[in-house]
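Presented below is the structure to which this report refers.
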Amino acid sequence: MLLEIKQLFVPPGHQLLIKDISWLGYKNILADLGENRSSRVSYSQGMLEIMAPLPEHEVGKKIIGNLVEILLEELDIEFWSLGSTTFDRENMDAGVEPDDCFYIENEAKVRGLNRINLETDPPPDLAIEIDITSRTHFHNYEALNVPELWRWNGTILEINVLLNGKYLKSENSRTFPNIPIAKVIPEYLSMSKISGRNAAMKTFREWVRKLQS
């Protein structure tokens, strides 16, 4: 008897790896899983990973995303946040669902689109991965040409900038070159766990405004 993908159970904090999956098989599995799910999927050259995040993972993802949105709002930069949208390209044989992602420089090119097709549309300018439940697969993002990738491991925020098709660790963000991102994001994420989410967001917004004055 053949199992259906929906019959598989992945406990929170664990991953399921399935090898020798074709591109068509990957797309069929995405369709079977549906869009309203808690699991995330990554695919590269025949290897499929299904991951179920922990609550800590989701908290980090949400708070960091909120902080990025405040930065963009206060800097008066148009953006489009697409969360864990599936991005893939058949000719790259790669697909990924970031924890969060933003169109910033290329926002106008995808504004109002109901579907993103990386065969014709640009990739997001910034992707964020929370490396608490699983490890980020650099090659997926490199294959899709995502210019900047942040990784949060629960303690350190690592900034990676795409250069000649490969990621290099950087002290500065390509998106926010004048903001000490690696320092302030962890600080306010930690504050949110002590003082509360709203208090941390309000204080961070005030800090950004003072920086601009």
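Below are the figures for this structure:
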quantity: Residue in region 40-65 that is modelled with the lowest pLDDT, counting only those that are under 18 Å from Ala127 (Cβ atoms) and among the polar types (S, T, N, Q); calculated: Ser44
quantity: Tabulated pairs, region 29-41, first over 12 Å from Glu97 (Cβ atoms), second part of a loop (DSSP other than H, G, I, E, B) and modelled with pLDDT under 75, C-beta under 8 angstrom, 6+ apart or interchain; calculated: Asp32/Glu4
quantity: Those residues of region 125-143 which are in a loop (DSSP other than H, G, I, E, B) and either in contact with a Cys (Cβ under 6 Å, 6 or more places away or on another chain) or at pLDDT below 95 (or both), in sequence order; calculated: Asp131, Ile132, Thr133, Ser134, Arg135, Thr136, His137
quantity: Filter result (more than 23 Å from Ile159 (Cα to Cα), loosely packed, with under 13 Cβ neighbours inside 10 Å and either under 22 Å from the mean Cα position of the chain (by Cα) or among the β-branched types (Val, Ile, Thr) (or both)) within region 178-213; calculated: Ile194
quantity: Any chance Asn140 is surrounded by fewer than 17 Cβ atoms within 10 Å (Cβ to Cβ) and not basic (Lys, Arg); calculated: no
quantity: Of all residues making up region 86-117, the number that are more than 16 Å from the chain's Cα centre (by Cα) and modelled with pLDDT under 85; calculated: 5
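The values are calculated or read from the model by the stated rules, or taken from the named source; none is laboratory data. Note that the coordinates shown come from a computational prediction; the quantities given were computed from them, not determined experimentally. Reconstructed Cβ throughout: ideal geometry from the backbone, glycine too, with neighbour counts over all protein chains shown.
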